[in-house]
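Colleague: The structure that follows is given in the form of C-alpha cells.
The values are calculated or read from the model by the stated rules, or taken from the named source; none is laboratory data. In this text, all values refer to a predicted model and were calculated from it rather than measured experimentally. Here the Cβ is made from the backbone with ideal geometry for all residues, glycine too, and neighbour counts use every protein chain on show.
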Amino acid sequence: MTPTRPPSASGSAQVRPSSKPRGVDPDLAAGIGLAFVAGFVDAAAFIALAGLFTAHVTGNFVLLGAELVSTSVGVVAKLLALPAFVIAVAVTRLLALALERRGAAPLRWLLALEIVLLAGFAVMGLALSPLGSPDGAAAVTVGMMGVAAMGVQNAIGRLGLAHLAATTVMTVNITQAVIDLVDWARGAVPPDGPARGRLRRMVPAVLAFAIGALAGAFGVAAWSFGCLAIPIAALIGLMLLRLD
C-alpha cells in the first residue's frame, strides 16, 4: 500500500490511496458517484420540497428573491438553508481535522456521515409524509436534513477530493470544459496536456449529475423519499471502494 500523503499547507484533509479492484480508478469512480448523488438528491428534493435546492445554496438565493416579491411558499426553508449548509460544512471540517490528528484517513468517515444524514433525510421524509405546507415544521425539518447531507458532500469535495471536478455544481465544470475544447480545437494546447486531464474529470461528472437528476426526478415521483435508497447505495459503494 502506498503511504499516506501529508496534509497540505492549508490543513485540508487529504485522501489516502486505497486498495481497489484491478482496473478501477477510485478518483474517477468518486467523481462520477458523487456527481450522480448530488444530481439525484437535488432533483428529488426540489420536487418533494417545493423548489428547495439541497446540493447548492445559490439557487435558493435566486428563488428566495423571486418568492419575496411574489405570492409563493417555501420561504422559510430557503432562509434556513444557508445556516444549515454552513453548520454542516463546519462540522465536517472539524471532524476531518479530528480524524487527521488521530492518523485516520478522513474520506471514508465523511462519506459515512453523509450516508447517515441522507438516511435520516429519507426516514424523516417517509415518516412525516404528507409534509403539508412547505413552510411548516415537518417540511422545513426534512429539508434541512437534506441540505446538511449535501453540505457534507460539498465539504468532502474541498477537503478530500479537491483535485477532482466539482460534484455538486456543474456550471464551473461546463465552462472550463468548453474553454478547453475550444483551445484544443484551435491547437492552442497540446492534445495530451492538462486540458485533457481536466476534460477526463469534468465530462463524466457533468454526465453523471445529469443522469442523477433525471433518476431523482422519476424516483421521487414513483417512490417518494424511499428513492433516496439509490444515492445511499452509491455512497456505500464508494466508501467500500476507498477503504484502506
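Colleague: Based on this model, can you work out whether A166 counts as surrounded by fewer than 21 Cβ atoms within 10 Å (Cβ to Cβ) and of a type outside the set (D, E, K, R)?
Modeller: Criteria not met by A166.
Colleague: Test I179 against the criterion of being buried (at least 17 other Cβ atoms within 10 Å of the Cβ) and either at pLDDT below 90 or not small (G, A, S) (or both), and give yes or no.
Modeller: no
Colleague: I'm trying to understand the selection: among the residues of region 47-66, which are of a type outside the set (S, T, N, Q), crowded, with 17+ Cβ neighbours inside 10 Å, in a helix (DSSP H, G or I) and modelled with pLDDT under 75?
Modeller: If the condition is that a residue be of a type outside the set (S, T, N, Q), crowded, with 17+ Cβ neighbours inside 10 Å, in a helix (DSSP H, G or I) and modelled with pLDDT under 75, then G59, L63, L64 are the ones that fit.
Colleague: Determine, yes or no, whether I236 is touching a residue at least 24 places away in the same chain (Cβ under 8 Å), in a helix (DSSP H, G or I) and of a type in the set (A, V, I, L, M). Explain how you work it out, then say what you get.
Modeller: Working: touching a residue at least 24 places away in the same chain (Cβ under 8 Å): yes; in a helix (DSSP H, G or I): yes; of a type in the set (A, V, I, L, M): yes.
Against the criterion (touching a residue at least 24 places away in the same chain (Cβ under 8 Å), in a helix (DSSP H, G or I) and of a type in the set (A, V, I, L, M)), I236 qualifies.
Each row is one residue, and each column tells you yes or no for (1) more than 14 Å from M150 (Cβ to Cβ); (2) at pLDDT 95 or above; (3) not aromatic (F, W, Y).
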residue	(1), (2), (3)
A77	no, no, yes
A81	no, no, yes
A88	no, yes, yes
V91	no, yes, yes
A98	yes, yes, yes
G103	yes, no, yes
R108	yes, no, yes
L113	no, yes, yes
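Colleague: So if I check each of G157, G151, G216, which one is touching a Gly at 6+ places or on another chain (Cβ under 7 Å), buried (at least 17 other Cβ atoms within 10 Å of the Cβ), touching a residue at least 24 places away in the same chain (Cβ under 8 Å) and in a helix (DSSP H, G or I)?
Modeller: G216
Colleague: Only one of A221, A210 is surrounded by fewer than 17 Cβ atoms within 10 Å (Cβ to Cβ), in contact with a Gly (Cβ under 7 Å, 6 or more places away or on another chain), modelled with pLDDT of 95 or more and part of a helix (DSSP H, G or I); which?
Modeller: From the options A221, A210, the qualifying one is A210.
Colleague: So, one more: Are any of the residues in region 127-143 assigned to a helix (DSSP H, G or I), at pLDDT 95 or above and exposed (fewer than 15 other Cβ atoms within 10 Å of the Cβ)?
Modeller: yes
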